[in-house]
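Visitor: Below you'll find the structure I mean.
Derivation of every value follows stated rules applied to the coordinates shown; laboratory data play no part. Everything numeric in this text was worked out from a predicted model, so none of it was measured. With ideal geometry, Cβ positions are generated from the backbone for all residues, glycine too; neighbour counts draw on all protein chains shown.
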Amino acid sequence: MGMEEKYYLGSYLEAKNKIKEINRYGKFCCDTNYKDLDTFCKKCGKLLEKKIIGSDKESIIDKWELSEKIDENLSHVDFAGKTNLSENIDIWIPNYKGYCFVEILNDNEGAVTISGKDALNIINKFYKDFKKEIDIFIKEYGEKNIEIKFGLICYYR
Ligand SMILES: [Zn+2]
């Protein structure tokens with residue numbers, strides 16, 4: 001399945017996640033290709049030596065779990081790697097159609113003017129419409145780590 005480029009213009013939630021490094025281990029002795037469950041060497045019978053062979057970065061907050069907690073009323077956006085955001089920034093956009101102005105534009109050609117006042121109103125509407133979800137985000141990420149913004153997001157789906 002190919003990835004489709006999508007645009008979203010509107011209010012969104014930006015959250016700072018924390019990254020933890022998780023070590024990847026391999027098992028070593030005189031042979032190769034030991035399985036995760038192997039404890040002793042098949043060849044010589046010695047206890048296998050466990051060594052770090054690399055590490056993976058993982059977010060502290062599980063975005064999939066959080067999606068379920070908020071009944072998927074907001075979706076986290078996945079970027080394909082090219083982004084000016086640092087890797088611990090999570091972006092959440094509403095799942096309600098009314099917020100996706102670019103999609104409205106795609107259906108009806110034309111131009112939409114958004115003034116600074118409109119943007120503020122849209123941010124305030126977001127606070128009201130997603131109060132329950134924002135409270136859950138505050139609990140998960142911490143109040144100082146979330147911000148409601150207005151802007152254009154390009155992502156892949
Ligand atoms: Zn061995």
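Visitor: Only loop residues by DSSP count here, and only those with at most 10 other Cβ atoms within 10 Å; note down the GluC sites (Glu not before Pro) in the range 1-46 that meet that.
Guide: Values: sites: Glu4, Glu5, Glu14, Glu21; in loops: Glu4.
Answer in residue order: Glu4.
Visitor: Moving to a separate point now. Would you mind calculating the gained length between Tyr7 and Tyr25 on full extension (0.36 nm times residue separation, minus the Cα-Cα distance), in nm to one decimal? Mind showing how you got there, number by number?
Guide: Details: separation 18, 0.36 × 18 = 6.48 nm, distance 3.97 nm.
Gain on stretching Tyr7 to Tyr25: 2.5 nm.
Visitor: Run the simple label-point estimate for Lys132 and Asp118 please: 7 Å along Cα→C-beta, distance reported in nm.
Guide: Spacing of the two 7 Å Cα→Cβ label points: 3.0 nm.
Visitor: Cross-link partners among lysines for Lys42, C-alpha distance below 20 Å, same-chain residues fewer than 8 apart left out?
Guide: The reachable lysines, counting only those whose Cα sits under 20 Å from Lys42, are Lys27, Lys50, Lys51.
Visitor: Right, another one. Roughly what angle does helix 116-129 make with the longest principal axis of the chain, taking Cα atoms, 0 to 90 degrees, to the nearest 10?
Guide: Roughly 60 degrees, rounded to the nearest 10.
Visitor: What shape does the chain have by the C-alpha gyration tensor, where a ≥ b ≥ c are the square roots of the eigenvalues, rounded means a/c under 1.5, and otherwise prolate means a/b greater than b/c and oblate the rest?
Guide: Numbers: a/c = 3.57, a/b = 2.47, b/c = 1.45.
Taking the square roots of the gyration eigenvalues as a ≥ b ≥ c, the chain is prolate.
Visitor: If you build a Gaussian network model of the chain, linking Cα atoms that sit under 10 Å apart, which residue out of Lys63, Lys20, Lys50 swings the most?
Guide: Its mean-square fluctuation being the largest, the pick is Lys50.
Visitor: Which residue, chosen from Phe130, Gly81, Leu48, occupies the Cα position most advanced towards the positive end of the dipole of the chain, where the dipole is computed from +1 (Lys, Arg) and -1 (Asp, Glu) charges on Cβ about the Cα centre?
Guide: The listed residue farthest towards the positive side: Leu48.
Visitor: Less than 28 Å apart at the alpha-carbon level, and either on another chain or at least 8 residues along: which lysines does that give for Lys144?
Guide: Lys16, Lys18, Lys20, Lys57, Lys63, Lys69, Lys82, Lys117, Lys125, Lys128, Lys131, Lys132
Visitor: Now a separate question. Quick one: what are the phi-derived ³J(HN,Hα) couplings along the range 145-155, Karplus 6.51/-1.76/1.60 with θ = phi - 60°, whole Hz, x for glycine and proline?
Guide: For the range 145-155, the Karplus curve yields 9, 10, 8, 9, 10, 10, x, 9, 10, 10, 8 Hz.
Visitor: If I take R0 = 30 Å and measure r between the Cβ atoms of Lys149 and Glu109 in this structure, what FRET efficiency does the formula 1/(1 + (r/R0)^6) give, to the nearest 0.05?
Guide: Values: r = 27 Å, r/R0 = 0.91.
Efficiency at R0 = 30 Å is approximately 0.65.
Visitor: Next question, about the same structure. Using only DSSP helix segments of four residues or longer, with each worth -39500 (n - 2.57), what per-residue ellipticity at 222 nm results for the chain after dividing by its residue count and rounding to 500?
Guide: On the way: 4 runs with 39 residues, N = 157.
About -7000 deg cm²/dmol.
Visitor: Any idea what the dipole of the chain comes to, in debye rounded to 20, about its Cα centre with Lys/Arg Cβ at +1 and Asp/Glu Cβ at -1? Could the numbers behind the result be given before it?
Guide: Numbers: 26 positive and 28 negative charges, 153 e Å.
Its charge dipole is roughly 740 debye.
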